[in-house]
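We did not get these values from a lab; they are worked out from the coordinates using the rules stated. Everything quoted here is computed from the prediction, not taken from an experiment. Cβ placement follows ideal geometry from the backbone for every residue including glycine, while neighbour counts extend to all protein chains displayed.
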């Protein structure tokens, strides 16, 4: 085995290991690899056989699927290699898997019997297939025996019940076909059998015999009824075609009675092989197509338990009854005794509109009604409106401020005036509960109020990047930080002039800007709508021009090192840098350059200026400080 | 004919159902949402367990907290505050608490009771409203009473009612330094109430100094008294009242809305029985209506006599103590004061503020303090209004709340006392060895180069 082969085989093995579930992609991959690497065929076959041998029972089927896929697609030489051990593998696997998987394996086997399109021959050689087939026949015979042993132990009462059912079925048939002497005889035999059972005590083996016999008869009867049912369905189909809801019914009927399905399911029974019971073992789950059809076909598979199930029986009775009513309806219709509402009639319209039944509808209407609190609220609003409509505080004598009035039960207050505080303004802000009236001015106030909530929330959340209404960059910068700090109180002199309109007014923008300019310093950080004002004053601040101090001048500032200082150095409190003294030749003194002395403390002149300027711009400090500084420097 | 006929436009179907879902029986799980229906005219005294948060949401109905109506379907959160929720109409609400409530009946059912004094408050409000409507000079109302009769609750309710129907801006004047209203404790404040008070806040809300807040901020005039009790230095107290009232008078002259709306003045309990304070405050402020919360007994007759010597008898109104008044002990009072200091620096549940810690040299601080009881005992002859310098050391300043005045650092003590205040700082650490002091400032930046005044309040983080 050379390097390439080894790699390919390894890869095949790896993919094979993943085959722990029925996965089409994996099987396809395996098939492709097998097709492309015919040279490795023998290795692949070994791997796959080993896999079938070793993996857990539930996964064996998937390996078989892979085998099947390879053989069908790649063909020779795989078919030859696999044929060698196919029978033993199949048998071994079949014996240890569950019934469901067995069914699938049989299906797989059946696909092998069919000739392939390529060769016109079955996939594997006839000898192997024959061996598997005979094995399956034996296995199924065994299986049936097992099944019989699983039938309930026959008792007299059980058998009597079954006879009753059979009698009913036969009577049914007899009604349809009164001339059938055979059926009459059968009925008689059944009655006799019943009598015998009731009279005599039979041994268990005898009872068993009777049971099996009955089941066979039962199956026959059911098949007959089934055929009849299908026949009826077809008839109905024809009748229904005349009716309006043609398509829908057709589809339904087609599903229930298509000959294909029945044909398909019948085919094994035609071939008459004893394999049949294996094709549906007890765990056979009825497919979820139309109920009647499933039940009908169930009997064809000879699943006795399902034939005997009372459910099935009741179902049949029901269909019969429906058929009877249907017949009656058809007859009445033929006689012209029925009135069919026309398409435009109110009845059909109502039906088409009311798809749900009436009870549902009531529920829906109820759901669509506003909840009780909303309704009561509306009533209270109305009451409040009328109560305050003509009420006037100034004309009420009982409102004179005196001890007696205050402590009295003032009916006017309780019934009318009190509403001024609440529902006289019926529109409550959903965010803060502030009330607004119905007049246009009040509506305007309310919408402005909501705008304010929106703006302030945006500001508090610090939605970055969104420009405020005026597009102020200062505001965006502030909101981006989203860190809020308290401000100082405004001076008393400002407080006495302050108007709370600046807080609550709607035209605050203008007010702010005006006041900001008036004061010549921006205190607006303290106001909810400071953005514009702050920006404005920062930009236009006149003090900036007045107190513009050139950097050159600042750098030229120096301080003569005081005698008290020992190490000729100080640390600038702002930038924490150490400043050493230098000898100034002009003055002949040791000095600190770029230094300013404020209240006996030394700062870098530039540092100090920047700090003062920043503070002045952010509005914390009066401009006087800057001016003082200026005078110091000039 | 259409299926939609039963639906009114704009009505949300879902609102009613949400309440039903949580309307299950009381279970003592924490933070379990429970439903409560308060009948019309009754109130629920909510007393949250210490450090726990009680959240409540009005599902339907109309309810208010001290005159401020709750929005429907908005969750309000209350912490460290005893308050009462008054149902104007039958109110359904859902509430939950972050900690286990040992006795639900004691917490809820036993604490829902009729509000029998609400009608007097309404009568009083509408009488005041009538005065506001009929004159350019609004009523200046002072509320007096013993401790725990509901003075502050009445003031708060009257302020809230006054802004409801017309755009009045009554000035709320707080003369009780122990009660932190819109300011840290130890202050006397005057605040035009121009919009909703924050019903979740024991301090009535936020000021404009907080920046962006969920409700309109208020702009108070803040005067520092600085001592714990007004009895410690009555002269200083009256001087502070004088400073405050001159500010409010000036504002009232300048502002026609404020003038028309009048004032509501809250007082400390000790004012009622101290003729000196009564006389000074009533004259100082030019009060024209006196409301006394008191039962009608012999003591009331005495009080009425005293008061009628100061003001016309017809201007004196007695109202029985409010049913909404909550018993307040010193521990609770301290808690409110502590929280007020915390909120000043760090903000409240809804508005988080970032204070700024700076370190300054000890020699750069000039700290004054008013003369308190101890000092006056030592120097009985000293002027009570005089400020005395405070040495910058650990024993004096550690954890102290200090007032930053607008007076320059080198200003004379009289100037410092007369100067407006800029704000507060908190001295968190005094390092005597390194001669450094750490101060927490509400505003980022350097410590203003101003004189400081030491208050009696301490705050340990």
> How much FRET efficiency would the formula 1/(1 + (r/R0)^6) give for residue B:377 and residue B:32, where r is the Cβ-Cβ distance and R0 is 41 Å, rounded to 0.05?
Replying inline: 0.15
> In nm, what is the difference between 0.36 nm times the number of residues separating residue A:363 and residue A:189 and their Cα-Cα distance?
Replying inline: 56.8 nm
> How would you order B:281-294, A:425-438, A:588-601 from highest to lowest mean count of nearby Cβ atoms within 10 Å?
Replying inline: B:281-294, A:425-438, A:588-601
> To the nearest 10 degrees, how steep is helix B:330-346 against the longest Cα principal axis of chain B, on a 0 to 90 scale?
Replying inline: 80 degrees
> Can you give the Rg and Dmax of the range A:3-150 based on its C-alpha atoms, in angstrom?
Replying inline: 15.7, 58
> Among A:440-451, B:209-220, A:485-496, what's the highest-first ranking by average C-beta atoms within 10 angstrom per residue?
Replying inline: B:209-220, A:485-496, A:440-451
> What list do you get for A:76, B:261 if you sort them by fewest beta carbons within 10 Å?
Replying inline: A:76, B:261
> Hey, rough spin-label estimate for residue B:256 and residue A:2, points 7 angstrom out along Cα→Cβ, what's it come to in nanometres?
Replying inline: 10.8 nm
> So in the range B:40-132, what percent of DSSP beta bridges are antiparallel if you round to the nearest 5?
Replying inline: 95 percent
>> I'd like the FRET efficiency for residue B:229 and residue A:20, computed as 1/(1 + (r/R0)^6) with the beta carbon distance as r and R0 of 60 Å, rounded to 0.05.
In response: 0.10
>> Using a 10 Å cut-off around each Cβ of peptide B:55-62, what is the average number of partner chain Cβ atoms that fall inside?
In response: 3
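Once the piece of chain linking residue A:483 and residue A:142 is laid out straight, how much longer is it, given 0.36 nm per residue of separation minus the C-alpha distance between them?
Working it through step by step, the gained length comes to 114.3 nm.
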> What is the helix-to-structure angle for B:275-285, meaning the angle in degrees between its Cα long axis and the longest Cα principal axis of chain B, kept from 0 to 90 and rounded to the nearest 10?
Replying inline: 80 degrees
> How big is the Kirkwood radius of the range B:108-171, worked out from every pair of different alpha carbons and given in Å to one decimal?
Replying inline: 13.2 Å
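Report, as an integer, the average count of C-beta atoms from other chains found within 10 Å of each Cβ along B:203-211.
5
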>> Over the range B:289-429, what is the relative contact order in percent, taking alpha-carbon pairs closer than 8 angstrom and at least six residues apart?
In response: 15 percent
> Taking the Cβ-Cβ separation of residue A:10 and residue A:116 as r and a Förster radius of 22 Å, what is the calculated FRET efficiency to the nearest 0.05?
Replying inline: 0.10
> What's the Kirkwood radius of chain B in Å, using all Cα pairs?
Replying inline: 23.8 Å
>> Need the C-alpha centroid separation for the range B:352-430 versus the range A:90-123, integer Å.
In response: 101 Å
> Between residue B:40 and residue B:312, 0.36 nm times their residue separation minus their Cα-Cα distance comes to what?
Replying inline: 94.2 nm
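Run lengths n ≥ 4 of DSSP H only: what is the helix-derived mean residue ellipticity at 222 nm for chain B, with -39500 (n - 2.57) per run over all residues, to the nearest 500?
When only DSSP H runs of four or more count, the value is -8000 deg cm²/dmol.
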> Mind checking the angle between helix B:234-254 and chain B's longest principal axis? C-alpha axes, 0 to 90 degrees, to the nearest 10.
Replying inline: 60 degrees
